Amino acid sequence: DAVDLLDEDAFGRRLADLAVLAAEHGDRQVASDGEAAAREWARSELEDLGWQVSEQAVSWGLPLRTSANLVATSPFGSDDEIVLLGAHIDGVPGVPAIGDNGTGVAAVLGIAEALTLRDDPPARAVRVVLFTWEEINLLGSLHYAHSLDEAEAADHVAAFIIDQVGSPNGVPFIVDADGSETGAAGFPPEGAVLEDLLGEWMDARGEPWEVLPSTPHSDHVYFADRGIPAV
């Protein structure tokens with residue numbers, strides 16, 4: 001029933017909010033005032049839903065620059081099993097970054113809102129992570145995934161990474177999550193379950209979709225590296 005609680009007007013409002021921030025700051029490139037403002041905006045959205053929010057500092061480069069992942073955990077569900085919803089909040093320099101990846105950020109926030117509004121909340125905890133440094137070497141997701149100890153990684157039962165979902169003429173791609181498309185090694189076989197769930201969902205609604213062979217250029221890869229099924 002969560003899909004019935006998704007608020008399309010709120011999706012548009014959140015994109016408009018990000019556009020205003022882009023107009024004020026120019027862009028959301030990593031470690032910029034625009035990215036920091038977007039992170040504070042997203043923190044407010046999640047705290048208003050009752051989620052517990054923190055930041056995880058991520059530093060890189062010469063001269064050293066520091067940004068942060070925004071990490072929020074749901075007020076419902078057992079954290080013995082965590083479903084992660086991720087999207088990167090940084091953008092390439094000089095553009096508003098609404099498609100890549102304001103749409104992913106707005107989608108993640110909307111899903112978090114819908115899950116919070118359910119009369120019967122999920123039994124598993126949900127964690128939203130808005131990654132920094134995606135546009136430069138996926139450093140935010142690398143830092144998050146590899147900051148987990150073995151027990152914490154085992155508690156993450158699935159990771160859904162949402163990127164560039166707003167194109168009006170795009171084909172929805174489900175990234176190969178178990179390596180079967182290309183014979184790539186190292187992907188958890190349980191990733192096939194996530195692929196199947198998403199594919200069945202699209203089929204039931206008559207939506208077109210394709211499997212995209214796995215690429216090392218998106219935030220899912222470091223979760224797979226830790227044995228966490230990610231799609």
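For the stretch 1-54, residues that are within 17 Å of Ala112 (Cα to Cα) and of a type in the set (Asp, Glu) total 9.
In the set Ser147, Ser180, which member is in contact (Cβ under 8 Å) with a residue 40 or more places away in the chain, open to solvent by 40 Å² or more (accessible area, probe 1.4 Å) and not aliphatic (A, V, I, L, M)? Within the list Ser147, Ser180, the selection yields Ser147.
Here is a yes/no grid of residues against (1) in contact with an Asp or Glu (Cβ under 8 Å, 6 or more places away or on another chain); (2) of a type in the set (Asp, Glu); (3) over 24 Å from Ile89 (Cα atoms):
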| residue | (1), (2), (3) |
| --- | --- |
| Asn137 | no, no, no |
| His143 | no, no, no |
| Pro172 | yes, no, no |
| Ser180 | no, no, yes |
| Ala192 | yes, no, yes |
| Thr215 | no, no, no |
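Set side by side, the residues Leu109, Leu115 differ, and just one is aliphatic (A, V, I, L, M), assigned to a helix (DSSP H, G or I), out of contact with any Cys (no Cβ under 9 Å at 6 or more places or on another chain) and more than 18 Å from Gln164 (Cα to Cα), which is Leu115. Report yes if some residue within the stretch 70-85 is over 15 Å from the mean Cα position of the chain (by Cα), modelled with pLDDT of 95 or more and open to solvent by less than 30 Å² (accessible area, probe 1.4 Å); otherwise report no. Among the residues of the stretch 70-85, at least one is over 15 Å from the mean Cα position of the chain (by Cα), modelled with pLDDT of 95 or more and open to solvent by less than 30 Å² (accessible area, probe 1.4 Å), which makes the answer yes.
Going residue by residue through the stretch 3-20, is there one that turns out to be open to solvent by 50 Å² or more (accessible area, probe 1.4 Å), assigned to a loop (DSSP other than H, G, I, E, B), of a type in the set (A, V, I, L, M, F, W, C) and closer than 15 Å to Ala106 by Cα? Yes, the conditions are met somewhere in the stretch 3-20.
Among the residues of the stretch 38-50, at least one is without any contact (Cβ under 8 Å) to a residue 12 or more places away in the chain, open to solvent by less than 70 Å² (accessible area, probe 1.4 Å) and polar (S, T, N, Q).
Evaluation of Trp209 against the conditions (1) in contact with a Leu (Cβ under 8 Å, 6 or more places away or on another chain); (2) open to solvent by 30 Å² or more (accessible area, probe 1.4 Å); (3) under 20 Å from Glu134 (Cα atoms) shows that the sole unmet condition is (3). Is at least one residue of the stretch 58-66 free of Cβ contacts under 8 Å to residues at least 12 places away in the same chain, in contact with a strand residue (DSSP E or B) (Cβ under 7 Å, 6 or more places away or on another chain) and assigned to a strand (DSSP E or B)? Among the residues of the stretch 58-66, at least one is free of Cβ contacts under 8 Å to residues at least 12 places away in the same chain, in contact with a strand residue (DSSP E or B) (Cβ under 7 Å, 6 or more places away or on another chain) and assigned to a strand (DSSP E or B), which makes the answer yes.
The values are calculated or read from the model by the stated rules, or taken from the named source; none is laboratory data. A quick note: this is a predicted structure, and the numbers were derived from the prediction, not measured. Quick reminder, even Gly has a Cβ in these numbers, built from the backbone with ideal geometry, and neighbours come from all protein chains shown. We work out accessible area using only protein heavy atoms, side chains counted, and drop any ligands, DNA or RNA first. Shrake-Rupley method; radii C 1.70, N 1.55, O 1.52, S 1.80 Å.
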